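First up is the structure itself, then whatever we jot down about it.
The values are calculated or read from the model by the stated rules, or taken from the named source; none is laboratory data. None of the values given here were measured: they were computed from a predicted structure. Neighbour counts run over all protein chains shown; Cβ positions are idealised from the backbone, glycine included. For the accessible areas, the whole protein counts, side chains as well, though only heavy atoms, and no ligand, DNA or RNA atoms are used. Shrake-Rupley method; radii C 1.70, N 1.55, O 1.52, S 1.80 Å.
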Amino acid sequence: METTVDKLEAMFLKSEADLEYIEKRLKLDFIKRTAENGCSAEENPALMLENLRALKAKHTALCSEVKEITAAQKETMDSIKNNLGNVMKLIQHLQQTTDVKVEPLTKSEQDAAENLASALSQTTTEKFSVRSLLHQGSQ
């Protein structure tokens, strides 16, 4: 059994060496033909392949960064949603415990509140204005 495994391992090593030799030989042939045909280095298939490998590596790195950024963005959005919910509850509590009359929202305040709610993917049942917060703070 071990001799079979050793033979297979030797075959794989020989195959790897053969592939490396073929790759080097092809690169040399490409370089030689490019020079013979008077083509520029940019048209050299061997250089194109190397550039392609570099681009693939950059692409992989960028994909990894995008995943990290997406995860951080989701975490940040979740934190913002939680904080906004806590602020809304606190404001509601303050409004209920004090006898402050809250003025209705203006059209622009309603639009801003709707945009904020839709941007955070959170439906809020109560809307408040900065004006009412400032009004409460001044009393």
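In segment 70-92 there is at least one residue that is modelled with pLDDT under 85 and not hydrophobic (A, V, I, L, M, F, W, C). Checking each residue in segment 83-101 for being assigned to a helix (DSSP H, G or I) and surrounded by fewer than 11 Cβ atoms within 10 Å (Cβ to Cβ) picks out Asn83, Asn86, Leu90, His93, Gln96, Thr97.
Here Pro104 does not qualify as closer than 30 Å to Lys27 by Cα and either exposed (fewer than 10 other Cβ atoms within 10 Å of the Cβ) or modelled with pLDDT under 80 (or both). Of all the criteria given as (1) open to solvent by 100 Å² or more (accessible area, probe 1.4 Å); (2) closer than 30 Å to Phe30 by Cβ; (3) among the β-branched types (Val, Ile, Thr), the one not satisfied by Ile69 is (2). Is it true that Ser64 is modelled with pLDDT of 85 or more and either touching a Cys at 6+ places or on another chain (Cβ under 7 Å) or exposed (fewer than 11 other Cβ atoms within 10 Å of the Cβ) (or both)? Yes, satisfied.
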